[in-house]
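Following: one structure in structure tokens, then a few remarks.
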Amino acid sequence: MPEPLNPEAVPKTSSLPADAPEEQVGLFRDVLEALERRRVPYAVSGAFALRQHTGICRQTKDLDLFVTAANCGAALECLREEGMECEVTDPVWLAKARRGEYFVDLITGMSNGLILVEDSWIERAQPAVVYGVTTRVLAPEELVASKIFVARRERFDGADIAHVIYGTHGSFDWRREMELVGEHWEMLCGGLKESFEIPVRKRGFAAAW
């Protein structure tokens, strides 16, 4: 007999925003406001971008910010001056800013090094408001590109990819997506086949380029 599923181990998904601890909200707000004041280019990704494009709310312990490698140092310097603990966790793709038990991820590319965040990702980001701060979230195409390699046993982002594309109501820019994924297009197709084949055919949202 398999062991019963532990509900605490499953990410909670809802159409309603989840309550977050004040300390966490305060950190996220302070980070966004600091980067805005210093005009450090970035775009919000992760759960907040997913909510913007799909209406799906997911509990999250961190805030994902996409920055180019060239601007990551400026972002870290800015946040250190705000009193946060900052470190480069992995020079290939990840840095962190912490305050207490909460943290923000600064992401410069995919963990496998195959896709890097470029200036165009930030330039194409779309207006949004996160915890009262006027900011920007990744455009749907960049958000999908950031998820195509998340296909591990404990987490598979194929469903997120399907929801993001579906949420564009047929306006998803497939040419831009192919520019982003390039030679890794098979990874994108694999995710679509697993999670999106039926709704794509039903709604007529199939790729056309």
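The values are calculated or read from the model by the stated rules, or taken from the named source; none is laboratory data. Remember, predicted model here, so these are calculated numbers, not experimental data. Note that each Cβ is placed from the backbone with ideal geometry, even for glycine, and that neighbours are counted across all protein chains shown.
Things worth noting here:
- Test for residue 114: is it surrounded by 12 or more Cβ atoms within 10 Å (Cβ to Cβ) and not in a strand (DSSP E or B): yes
- Enumeration of residues in segment 139-167 that are at pLDDT below 90, in a loop (DSSP other than H, G, I, E, B) and of a type outside the set (D, E, K, R): 148, 149, 150
- Exactly one residue among 161, 122 is under 14 Å from the mean Cα position of the chain (by Cα) and touching a residue at least 40 places away in the same chain (Cβ under 8 Å), and that residue is 122.
- Of everything in segment 10-44 that is in a loop (DSSP other than H, G, I, E, B) and either modelled with pLDDT of 95 or more or in contact with a His (Cβ under 7 Å, 6 or more places away or on another chain) (or both), the residue that is surrounded by the most Cβ atoms within 10 Å (Cβ to Cβ) is 42.
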